[in-house]
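Notes to accompany the following structure.
Derivation of every value follows stated rules applied to the coordinates shown; laboratory data play no part. Since this is a predicted model, take the numbers as computed values, not measurements. Glycine gets a Cβ as well: all are built from the backbone with ideal geometry, and neighbour counts include every protein chain shown.
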Amino acid sequence: MNGCNGAGNAINSFALISYLPEPLAGFLDSLRCELVPLCQAKSHITVLPPRPLAAGLPDNAWRDLSDLLGGFPPFRVELGSIEVFQGTNVIYLSVCAGYRELEKMHAELNRGPLKFDEPFEYHPHVTLAQQLSPEEVESAVANARSRWREFPYSRSFTVDRLTFVQNTLDNRWKDLAGRKLSIRMAS
């Protein structure tokens, strides 16, 4: 597996994500930078949140994941409203359509070498801002809601490709591998 973006030394922290398409991605990347200057994360939905791998074996984990992903067809996701996770003050976009599919995918993939007891219950979303001080949250939410109302394009897209990523010491994620989801053929 080769990383194609990110920088720095890799650490034992891996995730499975679906990047958002344009023009949605560009808009949300820009919004993220407004809310958290210098934010470098690309807009995505996380299927498996960051986790260490036993013995740091990403090739084995990817092989297992890739095999399991063969059983999932592409599906539609529609983004909803700007919300805040209480307790962490993470500002996010809710997922309307596609929520159940993401939950099912998470449940079926969180096993084997990727099994991890996550610190939070899985909740499909698109993160817009995190690590804000409590004083910054209210104005950031108001700004995000105002900007989201202005977005003139579709808020839905198809999840048809997932990317396996690894974190680095400078908290940048690098792509390791990806796989397209395919429509199951009846036998």
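In terms of Cα to Cα distance under 16 Å, which aspartates and glutamates are near enough to Lys42, apart from those fewer than 8 places away along the same chain? Partners found: Glu22, Asp29, Glu34, Asp170, Asp175.
So what's the angle, to the nearest 10 degrees on a 0 to 90 scale, between helix 134-150 and the longest Cα principal axis of the chain? For helix 134-150, the angle is close to 90 degrees.
The C-alpha atoms of the chain define a longest principal axis, and helix 24-35 lies at about 50 degrees to it. Only aspartates and glutamates eight or more places from Lys174 in sequence, or on another chain, were considered; none has a Cα closer than 12 Å.
Could you give the dipole magnitude of the chain about its Cα centre, charging the beta-carbon of Lys and Arg +1 and that of Asp and Glu -1, in debye to the nearest 20? Walk me through the intermediate numbers first.
Details: 19 positive and 21 negative charges, 109 e Å.
With only Lys, Arg, Asp and Glu charged at Cβ, the dipole is about 520 debye.
As I understand it, the dipole of region 10-180 uses +1 on the Cβ of Lys and Arg and -1 on the Cβ of Asp and Glu, about the Cα centre. Which of Pro37, Phe72, Ala144 lies farthest toward its positive end? Farthest towards the positive end: Phe72. Taking each residue as 0.36 nm, the span from Tyr153 to Ala25 lengthens on full extension beyond its C-alpha to C-alpha distance by 45.0 nm.
Partner aspartates and glutamates whose Cα lies under 18 Å from the Cα of Lys104, excluding those fewer than 8 positions away in the same chain, are identified as Asp64, Asp67, Glu78, Asp117, Glu118, Glu121, Asp160.
Helix 58-69 and the longest principal axis of the Cα set of the chain meet at an angle near 90°.
Model label sites at Gln40 and His123, defined 7 Å from Cα along the beta-carbon direction, differ in position by 2.8 nm.
With all distinct Cα pairs included, what does the Kirkwood hydrodynamic radius of region 10-180 come out to in Å, to one decimal, could you say? Provide the component values of the computation, followed by the final result.
On the way: mean 1/r = 0.0600 Å⁻¹.
Value: 16.7 Å, from the Cα pair sum.
Applying 0.36 nm per residue to the separation of Ile183 and Gln131 and subtracting their alpha-carbon distance, the gain on full extension is 14.9 nm. Computed per residue of the chain from DSSP H runs no shorter than four, each worth -39500 (n - 2.57), the mean residue ellipticity at 222 nm is -9000 deg cm²/dmol. For region 123-179, the square roots a ≥ b ≥ c of the C-alpha gyration tensor eigenvalues yield an a/c of 1.5 or more together with a/b not exceeding b/c, which makes the shape oblate.
FRET efficiency for Cys33 and Phe116, Cβ-Cβ distance as r, R0 = 25 Å, nearest 0.05?
On the way: r = 29 Å, r/R0 = 1.18.
Step by step, r from the Cβ atoms, then E = 0.25.
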